[in-house]
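Here, each number is a calculation from the coordinates, and none is a lab measurement. Quick caveat: nothing in here was measured; it's all calculated off a predicted structure. Every residue, glycine as well, gets a Cβ built from its backbone with ideal geometry; the counts of neighbours run over all protein chains shown.
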Amino acid sequence: MTQDPAAILAQLDQIRAGAEQRGRAAQRATQRMQAIRVEAYSPRREVRVVLGASGLVEDVEYSHAAPTSSPLALARAFQRAHDDAIEKWSEAMDAINDEEFAGDPVLHSAMRTAAHESLPPRLSEPPE
């Protein structure tokens, strides 16, 4: 059973077009992910945490009232601001993934898993 050469070429063109489309989506996603920068404050705003594209802390600022807080209270404020920033980072990554890879379930799932694996265990569960 031989296939028509024109049909084979048409299939190859479809495969090539799909690969080019996935490549463009991956480039867009990468550019958008590299531009992510999120910030979050502790509930009383004594700590501000900024995360960069990698999800790591880029900046921490303490309010003028921070020195009057106990070390334990300040540590908890930092942790809360950091956790909130990580959640915002995760939401931003998920939004990019949803927008860029909605038509490719395998790539969508792989990207989502990769982003969530980098989170601390208490925050790594993707939202339902």
If exposed means trypsin sites (Lys or Arg not before Pro) lying in a DSSP loop and surrounded by at most 15 other beta carbons within 10 Å, then the longest stretch of the chain lacking such sites spans residues 46-128
About its Cα centre, segment 25-73 carries a charge dipole, from +1 on Lys and Arg Cβ atoms and -1 on Asp and Glu Cβ atoms, whose size in debye to the nearest 20 is 240 debye
The extension gain from Q3 to L56, computed as 0.36 nm times the residue separation minus the Cα-Cα distance, is 13.7 nm
Longest principal axis of the chain (C-alpha) makes with the long axis of helix 71-100 (C-alpha) an angle, in degrees to the nearest 10, of 20 degrees
Along the dipole axis of segment 5-123 (charges at Cβ: +1 for Lys and Arg, -1 for Asp and Glu; origin at the Cα centre), the most positive-end residue among G23, F78, A53 is F78
Toy charge model, Lys and Arg Cβ at +1, Asp and Glu Cβ at -1: the chain dipole around Cα centroid in debye, rounded to 20, equals 360 debye
Tilt, helix 105-117 to longest principal axis of the chain (alpha-carbon atoms), in degrees rounded to tens, equals 20 degrees
Quick calc, D104 & E20: beta-carbon distance into FRET formula, R0 22 Å, rounding 0.05, result 0.95
Residues meeting the amide H criterion for V47 (H placed from the backbone, H to H distance under 5 Å, 5 or more places apart or on another chain) are S42, S63
Of H64, H82, H108, the most mobile residue in a GNM of the chain (C-alpha springs, cutoff 10 Å) is H64
